[in-house]
Amino acid sequence: MSRKVALVGIGKIAVDQHVPAIAASPDWELAATVSRKGSVEGIDAYTDFATMLAERPDIGVVSLCVPPVPRYAYAEAALQAGRHVMLEKPPGATLAEVHALQAMAAARGLTLYTTWHSRMAHAVAPAKVWLADKTITRAHITWREDVRKWHPGQDWVFEPGGMGVFDPGINALSILTHILPAPVHLTAASLEFPANRQTPIAARLAFSGTVTADFDWRQTGPQTWDIEVDTTAGMMALRMGGNVLEINGKTMAGENSIMGEYPALYARMAELVATGESEVDLAPMVHVADALTLGRRIETDPFFF
Ligand code: NAP
């Protein structure tokens with residue numbers, strides 16, 4: 001039997017990915033939306049979260065697609081109202097608030113799921129298996145995309161807590177932290193801040209273990225989401241955001257499509273709720289917090305959408 005879920009924050013990712021993933025899922029029924037401006041045709045629409053929680057005790061699960069800064073208040077209210085909670089990435093604006101939600105969910109016997117959609121990309125699981133017994137000599141991430149294409153007019157990404165280029169970069173870090181056989185830690189960072197903005201538009205990172213990353217939000221034309229790992233047994237590359245696996249230049253696994261990621265997240269949420277578990281992993285966000293702590297700040301050209 002499908003469970004009822006309410007989707008909160010009907011913006012780009014809710015419409016592009018969550019609504020179709022829920023519609024195609026045997027586990028879930030989209031029972032309500034909560035958004036000040038957005039709605040989904042044919043679905044009960046609320047503009048106020050507290051009203052939805054009060055009027056719809058039949059909805060046991062809430063999926064939060066609002067930006068990271070307002071997300072904590074919604075998650076706290078949902079858990080206090082006895083609902084299981086699924087969080088878009090990044091799971092919060094700070095690490096401590098996610099720890100607080102984790103404790104709250106545990107105390108109430110509720111599921112909290114910090115989703116990382118890129119970990120569900122087609123080739124991530126085979127990449128992790130391939131790397132498990134390899135000796136890594138170097139790894140490099142290139143994550144360069146066009147902020148105007150993926151976040152059209154979304155000023156929140158450049159406000160405090162919006163994370164700037166780490167909003168996509170954290171997807172790469174979610175894959176890295178999942179596939180590496182041993183953890184790494186940040187050793188240096190340089191961050192380019194547009195003169196008129198509060199968050200970086202580009203970042204270069206160095207980690208222990210000869211791991212480096214290049215994140216840039218100014219790439220027009222073809223977009224690049226690559227992770228290349230040199231090992232003593234050859235070179236592994238994850239391309240297309242983790243959806244295609246190459247070993248020594250030859251495609252070994254995957255599919256050049258991101259459309260499997262959100263169905264996999266909702267299937268995982270169904271498992272977690274059914275088994276009464278939570279899944280909370282903050283490793284990708286620790287690296288972002290460290291970069292913002294340790295990073296050298298460089299001022300660059302003002303940015304306008
Ligand atoms: P978005 O288009 O700006 O949508 C967020 C929605 O949240 C808005 O439409 C808004 O709806 C609601 N909201 C509530 N409080 C808000 C506030 N204080 N400021 C702004 N919006 C507020 O953002 P998005 O691209 O869908 O991103 C949402 C989350 O999904 C982010 O954490 C992002 O990292 C993640 N994500 C985005 C993408 C992508 O390609 N864009 C991909 C994967 C994951 P109302 O005004 O109607 O309330």
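Site pair H140 and R297 shows an inter-label distance of 2.9 nm when each label is modelled 7 Å from Cα along Cα→Cβ.
Between D133 and M235, the C-beta separation translates, for a Förster distance of 25 Å, into a calculated FRET efficiency of about 0.95. Excluding same-chain neighbours fewer than eight residues apart, the lysines reachable from K89 by a Cα-Cα span under 23 Å are K4, K12, K37, K128, K149.
Placing unit charges on each Cβ (+1 for Lys and Arg, -1 for Asp and Glu) gives the stretch 4-114 a dipole about its Cα centre, and among V66, A81, A45 the Cα reaching farthest toward its positive end belongs to V66.
Highest average first, the peptides 82-90, 162-170 ordered by how many other beta carbon atoms sit within 10 Å of their residues are 162-170, 82-90. Extension gain for K12-R148 works out to 47.7 nm (0.36 nm per residue, less the C-alpha to C-alpha distance). Just the number please: accessible area per residue for the chain, 1.4 Å probe, all protein chains included, in Å². Ligands and nucleic acids excluded, the figure is 43 Å² per residue. Model label sites at E41 and A54, defined 7 Å from Cα along the beta-carbon direction, differ in position by 3.2 nm. With only the Cα atoms considered, the stretch 4-114 has a convex hull volume of 92 Å³ per residue. Out of every Cα-Cα pair that the stretch 186-246 contains, those further apart than 19 angstrom amount to 47 percent.
Taking a ≥ b ≥ c as the square roots of the eigenvalues of the alpha-carbon gyration tensor, the chain is classed prolate because a/c is 1.5 or more and a/b outweighs b/c. Rolling a 1.4 Å probe over the protein heavy atoms of the chain, with every protein chain left in place, gives an accessible area that is 54 percent carbon and sulfur. Here the simple spin-label model places points 7 Å from the Cα toward Cβ, and for T224 and Q80 these points are separated by 4.7 nm. Residues considered: G153, G276, G42. Largest GNM mean-square fluctuation over the chain, using C-alpha springs under 10 Å, is found at G42. Of all beta bridges that DSSP places with both ends in the chain, some 50 percent have antiparallel geometry. Mean Kyte-Doolittle of at least -0.5 plus a Cα span of 18 Å or more along the axis: flag which DSSP H helices in the chain meet both, please. Result, helices passing both filters: 68-80, 95-108, 166-179, 261-275.
So, with +1 on the Cβ of K and R and -1 on the Cβ of D and E, and no other charges, what is the size of the charge dipole of the chain about its Cα centre, to the nearest 20 debye?
Approximately 220 debye in magnitude.
Extension gain for F304-A267 works out to 9.5 nm (0.36 nm per residue, less the C-alpha to C-alpha distance). Could you give the distance between the Cα centres of the stretch 1-53 and the stretch 244-275, to the whole Å? So the two Cα centres are separated by 22 Å.
The values are calculated or read from the model by the stated rules, or taken from the named source; none is laboratory data. None of these values were measured; they are calculated from a predicted model. Positions of Cβ are backbone-derived with ideal geometry, glycine not excepted, and every protein chain shown enters the neighbour counts. Only protein heavy atoms, including side chains, enter the accessible area calculation; ligands, DNA and RNA are left aside. Shrake-Rupley method; radii C 1.70, N 1.55, O 1.52, S 1.80 Å.
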